[in-house]
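No lab work stands behind these numbers, since they all come straight from the coordinates. From a predicted model like this one, the values you see are computed outputs, not experimental measurements. Cβ: placed from backbone, ideal geometry, glycine included. Neighbour counts: every protein chain shown.
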Amino acid sequence: MESVQNATEVFDQVYLDIRAGLLVLAASLDRVDRSEGAEVISDDVRRERIQQGLEILSGPGLNRAEQIQVLFSDPYRSGWNTADANETSDSPGDDA
Amino acid sequence: MYFFDPHVHMISRVTDDYERMARMGCVGVSEPAFWAGFDRGSVDGFRDYFRQLTEFEPTRAGWSGVQHYAWLCINAKEAENVELSREVIAMIPEFLDKPGVLGIGEIGLNKNTPNECTIFREHVELAMRTNELILIHTPHLDDKYKGSRMIIDMLLEDHRVDPGRVLIDHVEEHTVGLAREEGFWCAMTLYPVTKCTPSRAADIIEMYGDERIMVNSAGDWGPSNPTAVPDFIMELRRRGQSESKIKKIVYDNPIEFFSGSERFDFTPPDVFRENAPTGVDAG
């Protein structure tokens, strides 16, 4: 099922949603930063991931959503279920 | 438009939800066994749960003209109790001849642990031994990508598994391709915060096509919306998609996949509603 709308039609339809989404993002980050202890958050790995997500948004590409999903995903190690894999791990498919 | 909700935990919802879903065009639901919000303590607890899924829920759904189907398993969240999990897996065949039981599900991983993998493989073994369809739960959020890959790895270990008889659920942008490349069916769950929005699900359909894919509400006892499938229908209509293409995703595809079970005895909605029983008071 391919899109039947052209880019202008799509953009007209999503423009206000994107604008609203940016405002939610901006207001949420402002709320964190004006709260007591905000400096601690700068060391939080989740805050770092959000920053990386913003960089993905500002870049080119047709798969930004997939890139952001992978950014927020635990790593995977292929071959975890083969005979020579470490079967004693608590998390067998872990990259670590 | 008639639609199926192929994954919804109606046991957690009130009868009014069946009524609202029916008013919006729902003609059928399939209900996987899942976690009750607490870990159950005995195999008899599951036996009672399976009776409710296979006896009372089809009756209650019928009051609104909705046809009800079920899947049986012990959920991955309870797989850390390996002994109980094995007792439940051994008990499941008592229910596999019940009308409307479509197969084994929703099995899968939650935190991707060794015990979850053990119980997942034993569920798959049961499904292979009894020639049942399989419905797969994939983990949430950060665990999803790794867990989905591990599940697919384990399915591919077993050469008896036919991907055309397995539905991998809760796929999102980073996992839909993994499932489809190997020939599995897949489904998207319309949970706006932790899974897919209707618009993202529509984007995925536009990018990956409408073969072997469906959408569901996964409505349950938590924040969820049992009328999410109609929201998806409206999103595709807003995008100018034809009624026949929308129907393929929300009606034809679930019926095609479920038809792999000999107990999927579906009656077209106009015929079914003419013969639907009336409800009774609960209180």
Next item on the list: Tell me which residues come under 5 Å, amide H to amide H, from B:L133 once H is placed; ignore anything under 5 positions away on its chain.
Entry: B:I104
Item checked: chain B: equivalent-ellipsoid semi-axes (sqrt of 5 x gyration tensor eigenvalues, Cα, Å) -> 26, 24, 17
Next item on the list: Give a quick list of chymotrypsin sites (Phe, Trp or Tyr not before Pro) in region B:3-65 that DSSP marks as loop, anything other than H, G, I, E or B, with at most 13 other Cβ atoms within 10 Å.
Entry: B:F38
Note to self: Quick check on packing: order A:46-55, B:90-99, B:254-263 by the mean number of other C-beta atoms within 10 Å, highest mean leading.
What the structure shows: B:254-263, B:90-99, A:46-55
Notebook entry, point to check: For chain A, what is the convex hull (Cα atoms) projected area averaged across all directions, in square nanometres?
Noted result: 10.5
Check: So what is the relative contact order for chain B, in percent, with contacts set as C-alpha pairs under 8 Å and at least six apart?
Finding: 20
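So what's Rg/Rh here for region B:207-247, counting alpha carbon atoms and using the Kirkwood radius for Rh?
1.03
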Note to self: Quick query: amide H of B:W185 versus all other amide H atoms, modeled in the peptide plane; which residues come in under 5 Å with a sequence gap of 5 or more or a different chain?
What the structure shows: B:V166, B:I168
Check: In the protein assembly as shown, how does Rg compare with the Kirkwood Rh, expressed as the Rg/Rh ratio over alpha carbon atoms?
Finding: 0.98
Next item on the list: Quantify how strongly other chains surround peptide B:138-147 by giving the mean number of their Cβ atoms within 10 Å of each of its Cβ atoms.
Entry: 4
Item checked: Cα extents of region B:1-69 along the three principal axes, largest first (Å) -> 42, 19, 18
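With a/c under 1.5 counting as rounded, go ahead and sort region B:1-121 into rounded, prolate or oblate using the C-alpha gyration tensor (a ≥ b ≥ c being the square roots of the eigenvalues; past the cut-off, prolate if a/b is larger than b/c, else oblate).
It comes out prolate by the Cα gyration axes.
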Next item on the list: Determine the distance separating the Cα centre of region B:108-138 from the Cα centre of region B:212-274; give it in Å without decimals.
Entry: 25
Margin query: Rounded to whole Å, give me the distance from the Cα center of region A:1-62 to that of region B:165-205.
Written below: 22
Check: What value, in deg cm²/dmol to 500, does the helix sum -39500 (n - 2.57) over DSSP H runs of n ≥ 4 give at 222 nm once divided by the residues of the protein assembly as shown?
Finding: -12500 deg cm²/dmol
Notebook entry, point to check: Seen from all sides and averaged, what is the projected area of the convex hull of the Cα atoms in region B:210-275, in nm²?
Noted result: 6.2
